[in-house]
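Here's the structure we're looking at; comments come further down.
The values are calculated or read from the model by the stated rules, or taken from the named source; none is laboratory data. Nothing here was measured: the structure is a model prediction, and the numbers come from that model. Glycine also receives a Cβ, built like all others from the backbone with ideal geometry; neighbour counts cover every protein chain displayed.
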Amino acid sequence: MGDVGDDFRAMKAHRRDYREKAGLPCPECRRLQPKRDASILLPGQRCRVDGYRDPRNASDRQTTSPEVAPPNSADDFDIPF
Ligand SMILES: [Zn+2]
């Protein structure tokens, strides 16, 4: 039963990958507290430290579930068994 663990690892890897691609250090953190590590902000995310909001559109986010459920049209078919 390794499926759950594998999925969890894949999800974590995906999220880390996304953060590396889309995350930007908060410019206000850098300006106000240059000695501190800046918060990493994803598109549209607000910095918890200084309230700066990332101006990028949050809807540009990579979708986390690309599979869209297909329309259920099975009721329209007569299954020949
Ligand atoms: Zn900040």
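Quick notes
- Looking across the stretch 44-61 at every residue that is assigned to a loop (DSSP other than H, G, I, E, B) and small (Gly, Ala, Ser), the one that is surrounded by the fewest Cβ atoms within 10 Å (Cβ to Cβ) is identified as Gly51.
- Complete set of residues in the stretch 22-44 that are within 20 Å of Ala58 (Cα to Cα) and either of a type in the set (S, T, N, Q) or in contact (Cβ under 8 Å) with a residue 24 or more places away in the chain (or both): Ala22, Leu24, Cys26, Pro27, Glu28, Ser39, Leu42
- Of the residues making up the stretch 11-43, just one is hydroxyl-bearing (Ser, Thr, Tyr) and either more than 8 Å from the ligand (Cβ to nearest atom) or loosely packed, with under 13 Cβ neighbours inside 10 Å (or both), namely Tyr18.
- One residue stands out among those in the stretch 45-64 that are of a type in the set (D, E, K, R) and within 16 Å of the ligand (Cβ to nearest atom): the one that is modelled with the lowest pLDDT, which is Arg56.
- Note on the stretch 2-44: residues that are of a type in the set (Val, Ile, Thr) and at pLDDT 90 or above total 1.
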